[in-house]
Amino acid sequence: MATPASTQATRALSGPGVHARAENLVRAGLWPAFLLALLAVLVIYPIGKLVVGALTTVSPMAARDGLAPLTLENFRELATNTTAHAAALNSLLACGTGALFSVVIGLYFAWVVVRTNTPLKGVIRSAGIMPLFIPPLVAGFAWSLLGSPQTGLINVALQAIGVPWTVNFYSLAGIALVFGAYYAPYVFMFTAAALENMDPSLEEASEVCGASVLSTTLRVTFPLMAPAILSGGLLAFVVMLGVYGTPAILGTPANEPFLTTYLFTLLSWTPPLYNKAAAVSMLLVAVTAFGIWLQQRVLSGRSFVTVAGKSFRPKILDLGRWRYLTFAFALLYLVLVVVLPYFALLVVAFRKYMFVPDLASLFDTSQYSLIHFRALFDNPLTMRSIRNSLVVGGGAAIFGGMLAFAVAYTVQRTQAPLRRPLDYIATVPVAIPGLVIGVAYLWAWVGLPGGLYGTTAILAIAFVARFLPDTMKSLSGSLVQIHRELEEASWICGRGLLATIHRVVVPLTWPGILAGMTLLFVLSIRELGSSLFLYTSDTIIMSVLLLDFWEGGSIGVSAAFSVFQSVLLLLIIGAVSHLTSRKRRI
């Protein structure tokens, strides 16, 4: 029953007093309109220009003179181009197979962490998400060192022990395996949350009816998790579809084109084929949109409700001695996906010569030196790329963090008009591959005066647009945890909306804000696709320079730069984690 005090507070908040003054701009729609206009510049305008570019034959530099006649000529040429056909088929096969691998791996990790008594589950959880922080370019480069059919370190080791096998990651199967291993964390995060929130009574009913644990898991648990499994698998597929680094490194030696590498080739020709590239970009978006539609079609009309009003705890399965086997599998995954690739990078980064004749020479200390690191830092582009990456990442983190907080707060904590379109537009980039964002920004800004194209600012803005959904998701969890009574108490005390946000909301959500900004910074540092068409020699960033080193045949320098970039990211993540833990203790 409401108390007199709460009734009085409610009236105060619903009348023309403090609350009305606090949310005047929000209720009038001016604030969400401003955010919508900002998102329109960041997302809608570039995508719109890309659509126009795909439907015309005029380059973006000439397009500013007026709208050219619309035509389907670019799509007709794609329909008859055999290279485009092979690229589309390879992309669908490798990304689809990789998505299936990621579902199997991610689902296994989620089940082990949430539903079993496997030891050291904290280590397993960390292993499950660690590949997210490894750039796709670095992962592809590392596995080219390990799985090259002629000089790969795995093949050297197999020959040394007399095993007549040869591992070849320069293939569609190799790319699919790398995709599946490194994008399984997306599925893990979705399915682990679903398992934690699932009422175990349905599983208990299945077991009471005589079903075995395995049968219950396959016929009850996993089907009820279909939304989470499909969402995680679809997200992994979409991200794989837009990756350039891994297919470029592992697919090019085998002459296996992908949509992303074909797109890059179109813009690398002289003169660049901007309109055909725009058409390929729209093809990528269409495939992504079809995947989202298919997910909704499969799930529509079915109920997956498993959380009721009563409290419950996830059921923990006692594996007995088998728990050590599940831990061993998790440890093996960590070794294969993180330890082994970085071991290969360290070997090549410190080894004088790439050639490894036998296993014994791998441990010959006279073969190692700092020659590649000296060559790396003697190159003037190296320090320039590091400075640019830090500036672009820092700018993207600050601007993107503020924008994500503003959008998330407006959508979740207010009743402002236009908040639903605001939420939809802010999450649109999750379905757009990074390479497409880069092409869209190329079309949007290369032909306009003002000097934005070719600056670090356009790189930062593109990264904000690319990773805004990820940042908002990171922030939303912190906002949901704050009870509205805290804000209402601030309004009753006479504080306005901005003062309430500054004094109440921001301090309570600061760990989440810092985590979101750190995520955006890390993603910006490792991003390659969105920057491939937006950089110049003056604004080159680390991921682009790393690709240049590899394409130029400087394998040792590439490995040294990969090690440096990974250490830099690790230090940044560690520093932010330390600051966040200190803030929580205070």
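The values are calculated or read from the model by the stated rules, or taken from the named source; none is laboratory data. Just so we're clear, the structure is a prediction, and the values are computed from it rather than from any experiment. As a convention, Cβ positions derive from the backbone with ideal geometry for all residues, glycine included, and neighbour counts pool all protein chains shown. For accessibility, only protein heavy atoms count, side chains too; no ligands or nucleic acids. Shrake-Rupley method; radii C 1.70, N 1.55, O 1.52, S 1.80 Å.
Within the range 147-171, being in contact with a Leu (Cβ under 9 Å, 6 or more places away or on another chain) and either among the basic types (Lys, Arg) or not in a helix (DSSP H, G or I) (or both) holds for THR151, GLY152, ILE161, PRO164, TRP165, THR166, VAL167, PHE169, TYR170, SER171.
Within the option set ALA431, ALA457, ALA444, being open to solvent by less than 10 Å² (accessible area, probe 1.4 Å) and in contact (Cβ under 8 Å) with a residue 12 or more places away in the chain holds for one residue only, ALA444.
Go through the range 116-143 and give me each residue that's open to solvent by 10 Å² or more (accessible area, probe 1.4 Å) and not hydrophobic (A, V, I, L, M, F, W, C). Answer for the range 116-143, where residues must be open to solvent by 10 Å² or more (accessible area, probe 1.4 Å) and not hydrophobic (A, V, I, L, M, F, W, C): ASN117, PRO119, LYS121, GLY122, ARG125, SER126, PRO136.
So which helices (runs of 4 or more DSSP H) are wholly in the range 173-280 and hold at least 3 residues that are modelled with pLDDT of 85 or more and out of contact with any His (no Cβ under 7 Å at 6 or more places or on another chain)?
Counting at least 3 such residues, we get 226-241, 245-251, 259-268.
Taken over the range 322-349, the criterion of being surrounded by 16 or more Cβ atoms within 10 Å (Cβ to Cβ) and of a type in the set (Val, Ile, Thr) is satisfied by THR326, VAL337, VAL338, VAL347, VAL348. State whether one or more residues within the range 496-516 are open to solvent by less than 20 Å² (accessible area, probe 1.4 Å) and at pLDDT 80 or above. Looking through the range 496-516, at least one residue is open to solvent by less than 20 Å² (accessible area, probe 1.4 Å) and at pLDDT 80 or above. When GLN367, GLN415 are screened for being more than 28 Å from MET282 (Cα to Cα), touching a strand residue (DSSP E or B) at 6+ places or on another chain (Cβ under 7 Å), polar (S, T, N, Q) and open to solvent by 30 Å² or more (accessible area, probe 1.4 Å), only GLN367 passes. Could we say that LEU70 is out of contact with any His (no Cβ under 8 Å at 6 or more places or on another chain), in a helix (DSSP H, G or I), without any contact (Cβ under 8 Å) to a residue 24 or more places away in the chain and surrounded by fewer than 19 Cβ atoms within 10 Å (Cβ to Cβ) here? The answer is no for LEU70. The set of residues in the range 31-50 that are open to solvent by 40 Å² or more (accessible area, probe 1.4 Å) and either more than 15 Å from ALA431 (Cβ to Cβ) or among the polar types (S, T, N, Q) (or both) comprises TRP31, ALA33, PHE34, ALA37, LEU38, VAL41, TYR45, LYS49. Among residues of the range 266-278 that are closer than 14 Å to LEU435 by Cα, those with a Cβ under 7 angstrom from a residue that is of a type in the set (Gly, Ala, Ser) and surrounded by 12 or more Cβ atoms within 10 Å (Cβ to Cβ), sequence gap 6+ or separate chain, pair up as LEU266/ALA277; LEU267/ALA277; TYR274/GLY53; TYR274/SER59; ALA278/GLY53; ALA278/ALA54.
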